[in-house]
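Shown next, in structure tokens, is the structure this report addresses.
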Amino acid sequence: MVDLSARADRLDEYLDARGLEAVWFARPNGFAWLTGGDNVVDGD
């Protein structure tokens with residue numbers, strides 16, 4: 001099983017190290033990596 005909190009921690013460390021406050025996921029697969037979900041957006 002994927003440890004999503006570890007991924008969030010990695011992202012937080014990355015942002016902190018670079019003095020950034022936010023991240024922009026330009027591609028759906030980046031968002032899916034962080035959330036452990038699917039990268040498909042349902043428009044219904």
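The values are calculated or read from the model by the stated rules, or taken from the named source; none is laboratory data. Note that the structure is predicted; figures quoted are calculated from it, not measured. For neighbour counting, all protein chains shown are included, and Cβ atoms are generated from backbone atoms with ideal geometry for every residue, glycine included. When the accessible area is computed, the model is the full protein with side chains, heavy atoms only, and any ligands, DNA or RNA have been set aside. Shrake-Rupley method; radii C 1.70, N 1.55, O 1.52, S 1.80 Å.
If one takes the longest principal axis of the Cα atoms in the chain, at what angle in degrees, from 0 to 90 and to the nearest 10, does the Cα axis of helix 4-17 lie?
Taking the Cα atoms of the chain, the angle to 4-17 is about 40 degrees.
Which of the following values of Kirkwood radius over Cα pairs in Å was calculated from the structure shown: (i) 11.9; (ii) 11.6; (iii) 12.3?
Here the calculated entry is (ii).
First compute the accessible area of the chain with a 1.4 Å probe, then give the percent of it belonging to carbon and sulfur atoms.
On the way: 2110 of 3990 Å².
Its accessible area is 53 percent carbon and sulfur atoms.
Roughly how many nanometres apart are two label points built 7 Å out from the Cα toward the Cβ at Asp9 and Val23?
Going by the 7 Å Cα→Cβ label model, 1.5 nm.
So with the 1.4 Å probe, I'd like the accessible area per residue for the chain, rounded to whole Å². Before the final figure, lay out each step's value.
Working: 3990 Å² over 44 residues.
Roughly 91 Å² per residue, with all protein chains present.
Just add up the charged neighbours of Gly19: K/R +1, D/E -1, any other residue whose Cβ is under 14 Å from the Cβ of Gly19. Please report the intermediate quantities before stating the final value.
On the way: positive: Arg18; negative: Asp12, Glu13, Asp16, Glu21.
Within the 14 Å Cβ shell, the charges total -3.
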